[in-house]
Each structure stands twice: as structure tokens, then as C-alpha cells.
Amino acid sequence: MQSNYDKYPYVEISESSELCFAGWQHIFDEIMRLAELKGQSKTVICMDVYHGVDAAEMLDAIKAHLPAATVIQTNACLKDAAQIQQMVFPYVTDDAIFGRINNLQIHDFFDGPKLEKQKDQIRDLASGTVVVFGEGAALFADADILIYADLARWEIQKRMKRGQVGNFGVNNLDESFAAKYKQGYFLDWRVFDKHKLAFFDQIDFFMDANIAGQPKMLGAEIYRSGLDQTVGRPFRVVPFFDPGPWGGQWLKEVADLDRDEINYAWGFDCVPEENSLHFRIGEHIFELPSINLVLTRPQQLLGQAVYNEFGAEFPIRFDFLDTMQGGNLSLQVHPTRAYIQEHFGMSYTQDESYYFLEADQDACVYLGTRNKVDAAAMIADLEKAQKELTDFDAEKYVNKLPVKKHDHILIPAGTIHCSGKNAVVLEISATPYIFTFKLWDWGRLGMDGKPRPINIEHGKNVIDYSRDEDWVKQHLVNNITSISLNGHLKEESTGLHETQFIETRRHWFDSKVTHYTHGTLNVVNLVEGSQVLVESPDNLFEPYVIHYAETFIVPASVAVYTITPAGNAAGTKCATLKAYVRT
Ligand SMILES: O=P(O)(O)OC[C@H]1O[C@](O)(CO)[C@@H](O)[C@@H]1O
């Protein structure tokens, strides 16, 4: 298959490339230029970092480029690791996967008296250059120059897998990836995002610390202008891909991924809390976590109504599940809203849907229970299969339905489900994605050679047995309503179910289609056709090329945009799937 999916999308920022400082020498020259401009006898430089930044590299650079500076490391003022373990335990818990959302702040990790003493000592220094370096540095002084070194969520995960990064304040480099991810998800990343946001407007320079030995730095004005330019036009975040026990071979071809990897299960094409954004400034690519856009420009991005409902959180997720020549996903169910709130402190739940981008002859979805199922017998059989490592007869209890390309299957929380093998799903779902109660994993092992954790205990509390064969066929399988039809355009509503907050619209078209955001965020994927052009009828943004299977975000602040078949798809029938929050 000829691939034209762009796996490194960027936003072109209209600034001179000289304003992106690449390499430690240029970075420190610029910092010292600003320090000299200030002309003070004492300069306090705070170099604050996201947890996971390579501290050794930064410290060496500080010492090499500012040999006369007094360097203070923030980690000397942390509480001890055992105290931090105890503090975080109620939120991290001893569950293998799930923790609890909480309100811990970065200062909770520091020893109060030590921090105050250190602040006094910095204040009392009479002259010279003082560098406060490390996590939480902005707490330590009113910085003359505040620098923030940031790290993409995916890069942190890769460093965790390699054993280079553990969790904040605890010595757990050798802990399993799953345990470190859980602590990152429920704790560290929320703590660090809150801290970054609190000081965001005071930051003078932002650093991209993603590639070892290749730091880059942008002045705050350019960085903020980049965010403003991004939120005024359609854009893509940088996708990332991960293998899994049921993963397939389709993403490798379509997204041109490493052919030597065993498989790719997931392609996260629009999960802005975890993806990156790439700014292109002249010849430089500057990487930043896309959550920074969500946190700092929520009204322009989401629109006022969505912001009122969700706050600064991006509520829609698009990702791929590739099972071509792979296996079935685990048979699973997601918590209801009440359950996720009570047990995990999340405000909304993992409502999902599967849009089938590709499906082989034998592709299927497991969805809902069989009519008049014996619920107690099903749970007993699931528990037996888990305890005694016997087989679970899924088809005795769960509907198995054939699926074909362009089917849209709705999966409100509480519905037992999973995609079968030999299909490619575009998941169009609410953002939470780790709250999966696995009921049966088909007797196979995870990528680490161990059985994956099963959650029948949680699952049995949320399975909705009224979602049986008859009900799911009527309500959850291709529940399509025609919205409008003319010679060149057909618009259909394909979901989601009325209990879910996302509306999805499919457009079939062979010429220009006009879309209105109505002041609310749109997320769009090209599900048919090799290429389209997204344009502003008023020339408010540059024309934007989108290829097959690429997801793009249209901020609420973009009132109107058009989509036209382009390149070798010009004049041919294309289709987009657009999602937005029902308001
Ligand atoms: O549990 P499995 O088999 O890995 O299932 C796939 C997972 O991917 C998700 O769809 C999230 O993208 C979850 O709902 C699900 O847990």
C-alpha cells in the first residue's frame, strides 16, 4: 500500500529561525545576553524542569557555561522518599492499573522548613549569578530569568521503559513500566502540569529537552505567538504508536513505521494530553507537549460551552486499534460515569465507539450480552477461566457481530465489548483511556510474557445486561440518520449513543464542503480518499493538506472551513468523520 500518512506533522510558525536557539552554547549566550541587559549585580536564574528531563545533562551544561555561578539543586529540599511514598499511596494505591485523581501540588513534595531556609539563603546572597535548577525551581525565588525545560509525555514513557526515569520524589527506576505509568498518570503529570500553568506567564524561555544533546530554546514571546497561531487554524498533533499483544500489521504500512517491530496495536493520533506539537521555525522543529495549548488556550481551542463543561481538558480522543493479522482485543467493559467518579475520582468516563477503517472478511465485534443471558453463570465462568486458566466460551454469553469497512459501532460505558482480529478501528471516544476492566484476555500473555491484569471484580459491577443482542443491534450498530443530501454531498449522523456526549457526522463528498464549528471544537479524520485540502473561505489560515487516516483538530475559534478532494483524489468520492461535543 502506498503510504502518504504524515507521521511528523508540524505547525509552521512565522518567525525567524534565528529566534530558536539550538545547542547549549547558543542557549547560554542568549540567557547571558538577557542577564547583561538587566545589568544587575545579582541575577537569579531559575531553570525549572518537567519531571523526566535529563538532569545530568542540564547540570553539566550549567557548570560548563556558567562556571562562576552558585548552583542550587531543588531536589535537596524534597521530602525523603519514604515520606513521599506514604503521602502518595492513597492515590497510587496497590492496584496494578488504577489509582485515584487527587489534588496534590508540587509544594507537597518539598520539606517546608528546608524550602523556606533555602529561599532565605538565595535571598541573602549579595551578588553574582545564582542558578536554581530542577523540578519546582520557580518556587524557590522570584526569578530574574525563568526558564522552563519541558518534555513530551511519550518521551517520558519511553524513558520510563528504558529504566532512565522513575516517579517524582521516589527511588523507583527499576519499578515496572505499568507501575510508573500509573503514578505518572494519576499523580506526577497532573502535579507538573498544574505547576507549569501556575508560572506559565512568568516564563522567559521555554526549552525543548526531548532529544539528548540537542536542546532547543524559544523566547516566551515566540512560544506564545506559536500557541496563538496554532489555535487560530486547523492543526495535527504528533501521533505515537505502540505494539501490543493483539497488534496488527496495517499501521506499519499506512503510517510507514518500523517494519522490524513485531506489530503495532495502537496509533494515538489525537490524545492531546499525551501527544506533542511540533512548531516549525525556519529549519528548526521545536517539540512541546500539546497539553500546553489545552491548558493555556482552552476557550479558543474548545469553545466556551465545552470549556464550561470540561474545563481545560480536551474531551475527545481519536486513536487507531490495528488487529490486521493480529488478535482480538481483551473482552472488556468500561465504568459508568457514577462508578468512575466514585472509585477513581474522574469526572467523566470512557465512553467509546469503533469506526471501522478496514475490515477483512472475518472481521467482527463482540458487543453486548446474548439475549436472556445468565449473568451469574457468565461471571462464574469468567472467574473460573481466570483462576483455573481454563477457556472462556465468549460466544455463549456475548454477541459476535460481523463488521465491514465504514461500520460505526457505539460503545456506551457499561457495554461488554471488544474488536475482533483482522480489522482497523478508528476509536472516536471520550478522552479517558486507561479505565478498561478486562474480563477475559483469551488465555494469552502480555508483551512482557506475563498475563495482563484482569478486572472481573470491577467489571461485574458495571456490566449492563439490558444491552443484549436485540438492543445493541437496534441502538449501537450503524445507528445512522441522514442529515442532508445533494448531488455532491451526503451528510449523516453516525452517533454516538444518546447517553454519550460526542456527536459524529460523516460527510461523503466529491467537491468542496463547508463546515461551521459553531464555536465548538471539531476533530476530523479523512476516512475515505487519499488527500483533501482544508481551507479558510476568508483566507484566515494557510491551506492545509490532509491525507488518508490523518486526524486534524479545528479549534473553536475557527468559525468556518472548507474541505475539498485534492491531489490525485480531486473529483473523487471522499469521506470525513467529524466529532464534536454536543452542547
Ligand atoms: O485491553 P486491551 O485488549 O489492550 O484493549 C485495548 C485498549 O485500548 C483502548 O481502546 C484505549 O485506546 C482501551 O479501551 C482498551 O483497553
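Below, the figures for the structure above:
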| item | result |
| --- | --- |
| Net charge, LYS38 excluded, C-beta distance under 14 Å - Lys, Arg +1, Asp, Glu -1 | -3 |
| Full-stretch length increase - ASN308, GLU383 - with 0.36 nm per residue and alpha-carbon distance subtracted | 22.8 nm |
| Pair ALA69, ALA126: separation of 7 Å Cα→Cβ label points (nm) | 2.3 |
| The range 11-230, Cα convex hull volume normalised per residue, Å³ | 125 |
| For the range 66-196, convex hull of alpha carbons as volume per residue, Å³ | 117 |
| Per principal axis, descending, Cα span of the chain in whole Å | 79, 60, 45 |
| Alpha-carbon radius of gyration plus Dmax, which is the widest Cα pair, for the range 337-423 in Å | 15.2, 42 |
| Fewest-first ranking of VAL238, VAL53, VAL365, using other Cβ atoms within 10 Å as the exposure measure | VAL238, VAL53, VAL365 |
| 21 Å tail of the calculated P(r), the range 481-581, as % of Cα pairs | 29 |
| Calculated FRET efficiency for the pair ASP362/TYR516, C-beta based, R₀ 30 Å, to 0.05 | 0.15 |
| For peptides 134-140, 444-450, sequence by mean Cβ density within 10 Å, most packed first | 134-140, 444-450 |
| Inter-site label distance for GLN164 and ALA22 at 7 Å from Cα along Cβ, in nm | 1.9 |
| For the range 481-581, size of Cβ-based charge dipole, Lys and Arg +1, Asp and Glu -1, in debye | 140 |
| Protection proxy ranking, peptides 223-229, 342-348, 165-171, average beta carbon neighbours within 10 Å, highest first | 165-171, 223-229, 342-348 |
| Spatial separation of Cα centroids for the range 39-85 and the range 147-187, in angstrom | 19 |
| Two-decimal Rg to Rh for the range 240-475 - Kirkwood Rh, Cα set | 0.99 |
| Ranked by how many other beta carbons lie within 10 Å on average, peptides 150-162, 55-67 from highest | 150-162, 55-67 |
| Kirkwood Rh, angstrom, the range 30-139 [1 / mean 1/r, Cα pairs] | 15.9 |
| Estimated inter-spin distance, LYS450 and LYS119, nm [label 7 Å along Cα→Cβ] | 4.2 |
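Readers should treat all values here as calculations from the given coordinates under stated rules, not as data from a laboratory. These numbers were taken from a predicted model, which means no experiment stands behind them. FYI the Cβ positions are ideal-geometry reconstructions off the backbone, even for glycines, and counts take in every protein chain you see.
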